[in-house]
1. Near the amide H of residue 309, under 5 Å away, which other amide H atoms are found, from residues 5 or more places off or on another chain, if H is placed in the peptide plane?
2. Relative to the present Cα-Cα distance, how much length would full extension add between residue 322 and residue 97 at 0.36 nm per residue of separation?
3. Between residue 298 and residues 5 or more places away or on another chain, which pairs have amide H atoms under 5 Å apart, with H built 1.01 Å from N, and which residues are they?
4. Mind jotting down the distance between the C-alpha centroids of segment 373-413 and segment 326-370, whole Å?
5. Exceeding 31 Å between C-alpha atoms, which entries from my cross-link table qualify? They are 229/254; 122/202; 323/370; 57/254.
6. I want to make sure I understand the PRE zone here: with the label point 7 angstrom from the Cα of residue 352 toward its beta carbon, which residues in segment 378-408 have backbone N atoms less than 12 Å away?
7. For the pair residue 113 and residue 43, how long in nm is the line joining their label points, each one 7 Å along Cα→Cβ?
8. Residue 77 to residue 90: extension gain in nm, 0.36 nm per residue of separation minus the Cα-Cα distance?
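Coordinate-derived values only; no laboratory data. Keep in mind the model is a prediction, meaning the values are calculated, not measured. Using ideal geometry, Cβ is built from the backbone for each residue, glycine included, and neighbour counts are taken over all protein chains shown.
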Amino acid sequence: MKNKKFWVSLIAGIMAGLMLLTLLLSLLPTKANAASSSEIKSQIEELEEKQQELENKIEALQGQQSDNVTEIRAILEQKNLIDQQVGLLYAQINNLNEQISAYSVLIADKQEELDAAEKRLKDLNEKNKERIRAMEEDGQLSYWQVLFGANSFFDFLDRLSIVEEIAAADHQRLKEMSEAAKQVETARAELLAERDELKKAKDKMDQTQADLEQKNTQAQALLTELIAKGEEYEALMEQLEDEQREAADELANKQVEYDDAKYAEYMATATQPTTQPPSYGGGGGNGGAPVDIDGITWVVPCDYTVVSSPWGWRPHPLSGEWKFHNGVDLWAPGCYGQPIYATRSGVVTYSDWYGSGGQTVMIDHLDGFKSIYMHLSSYAVSEGDFVAAGQIIGYIGTTGGVTGPHLHFEIRYNGETLNPMQFIT
């Protein structure tokens, strides 16, 4: 009976355990739809290629801009030449306007000369008409009739003298009329010539004005082309820079996703570190907890449960080569992304990638001691910062040559490496 109760209790316990295990498994994140680290790595490589392609395009565009600068200078020189031509055309137009004004004055003078010559010719014509009317009133007597009507020889001589005077007067009058007619004709011809020159000057000014408008149009077109080239370059550069920023953000996000995937894969396959903690108490520590050593307060740099690799000689976990380990590796389940604290106050002398140490922070405590923190996932300080003891300086990660997330912690005194555990336990 007791055996029966025992087996019933055992079966019930097993069933309860299975139900609890099923519940716990259902709460764990599933990886059915999650991308593997290798897939994410391929995506990262594609993003890096895209980023490199964008950088090449930007460099090509910058090179093209150098060519554009040469072209723009040529366009500017052409525009400057056109502007000089425009200035000369304006000067020519001003000169033509002065010529037209001078021709207008000259034509006015020629018109006065023509009017005076025509008036004189008209007066002579009137006098000639009066002479002809007088001759008609006398019965149109001829010079011979006057001469043969003389009563004596002396009367004939007198009449001959009168006839000669009349003939001379008529001849002079006709000569004056001829000269007046010639003056009228000359004045008219000169007036027509001046008007023709005036027309030529006006036609030339019209053509010059047309050339000026054409040059102004060319200059405006060149200016528009310059502006368009500048705007086109700026638009293309802005577009490429936006694409580059988007690619960089996407790459950074994908890198975080890759680190998370690597960590998840590591946690899915990792076993508890087999390295035994050292005898000086490497069995765990609370990050940020103060430890007083010889009157100096040191702070435990992170939360850890195991010293997965102690200070001293050891086989390298990746190469297997027997090497001296300058620090200690502090590890705890789920320590990825946990804060790292400055073990003492001091000045950050290094905050960058450090070979196989990955992302590394070094602090000089200004009394011969230096502390070093490696394999960080990210920084919280920069080179030159002054940090206080216990201040967060970064976060535990897997950068550099590692098999999993942990903090590599070193202490050096005047350049000599010391066992860090003597300062934080």
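1. 329
2. My answer for the length gained is 70.8 nm.
3. For residue 298, the qualifying residues are 291, 292, 293.
4. Spelled out, the Cα-based centre of one part sits 3 Å from the other.
5. 229/254; 122/202
6. Those under the cut-off are 383-384.
7. 10.0 nm
8. Numbers: separation 13, 0.36 × 13 = 4.68 nm, distance 1.99 nm.
Here the answer is 2.7 nm.
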